[in-house]
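Structure, as structure tokens:
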Amino acid sequence: KVIEVANQIEGGQVAFDLLKEKLEQGAKTLGLATGSSPLEFYKLIRESDLDFSDMVSVNLDEYVGLTGEDPQSYRYFMQENLFNEKPFKVSYLPKGNEDTAEEETAHYNEILAQNPVDLQILGIGRNGHIGFNEPETPFDSQTHLVHLDQSTIEANSRFFEKIEDVPTQAISMGIKNILDAKSIILFAYGESKAEAIAGTVSGPVTESLPASSLQNHPDVTIIADAEALSLLEK
Ligand code: GLP
């Protein structure tokens, strides 16, 4: 399902209403994402009376080589944008410790197996990545160590002082883990996402565009603005 919204504020509201519906239906585990696209959604949650203290969250990904206290880490992002005000019973993110990254991938798969996701939030990379699943990641992949694409490093360098500071590796849920979620919301805003969205919705299902795997999922809602939908055939 594709829902066109005027801007991120309206997109956040649409997603917030969908979240409330899922909570009423008994959702207990949320899959969360970082990036700028879900920010208005998190803001609405912070300002709401929703209570997550009996729920579990699992995040898509984390950089390798940054501690959870590093302001650039995804753990820090989630604390600031959601968890400080809306704590969950438990919030899992992959632990991006350089020395134990490989073991952490197996550990995180166990966590995901024990906590099936009811609603997964996603953004999308310019190259169609979801989580940090870069082009050519197999659709049956589980949590794995990722070498980030140069284009992703460049896109994410806007959050860092200089490009050399952007980590080159991350731990990410795999595409199979993402598709295991019962329902999925994907946010996409701006022209830079237009090509990826056109391929995601109406292009061939191909590992060269990770988000096209979502065509194989029965319950995906894409919330996007006119710019992100501009290359989509009506
Ligand atoms: C990063 C994250 C993704 C996110 C993407 C888009 O690479 N790992 O999970 O979806 O950026 O970010 P933004 O929403 O800021 O465009």
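The values are calculated or read from the model by the stated rules, or taken from the named source; none is laboratory data. The shown structure was predicted, so the numbers you read here are calculated from the model rather than taken from an experiment. In this analysis, Cβ positions are derived from the backbone assuming ideal geometry, glycine residues included, and neighbour counts consider all displayed protein chains. For the accessible areas, the whole protein counts, side chains as well, though only heavy atoms, and no ligand, DNA or RNA atoms are used. Shrake-Rupley method; radii C 1.70, N 1.55, O 1.52, S 1.80 Å.
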Set LYS20/LYS162; LYS20/LYS193; LYS1/LYS176, cut-off 31 Å on Cα-Cα distance; pairs above it are LYS20/LYS162
Of all GluC sites (Glu not before Pro) in region 138-234, the ones in DSSP coil with at most 14 other Cβ atoms within 10 Å are GLU161, GLU233
Of all trypsin sites (Lys or Arg not before Pro) in region 121-165, the ones in DSSP coil with at most 13 other Cβ atoms within 10 Å are LYS162
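Rounded, prolate or oblate: which one fits region 150-234, using the alpha carbon gyration tensor with axes a ≥ b ≥ c (rounded when a/c is under 1.5, else prolate when a/b beats b/c, else oblate)? Please report the intermediate quantities before stating the final value.
Details: a/c = 2.11, a/b = 1.36, b/c = 1.55.
Here region 150-234 falls in the oblate category.
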Taking alpha-carbon centroids only, region 150-167 lies from region 28-67 a number of Å equal to 22 Å
Counting sequence-distant residues (5 or more places) and residues on other chains, those with an amide H built under 5 Å from that of GLN169 are VAL64, LEU148
The convex hull of the Cα atoms of the chain, divided by residue count, gives a volume in Å³ per residue of 114 Å³
Listed residues ALA211, ALA194, ALA106; largest mean-square fluctuation, Gaussian network over the chain with Cα springs below 10 Å, found at ALA106
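Out of all DSSP beta bridges with both ends in the chain, state the antiparallel percent to the nearest 5.
30 percent
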For the chain, the per residue accessible area (1.4 Å probe, Å²) is 46 Å²
On the formula 1/(1 + (r/R0)^6), with r taken between the Cβ atoms of GLU69 and ILE9 and R0 of 30 Å, the FRET efficiency rounded to 0.05 is 0.45
Once Lys and Arg are counted +1 and Asp and Glu -1 for all other residues with Cβ under 15 Å from that of PRO204, the total becomes -4
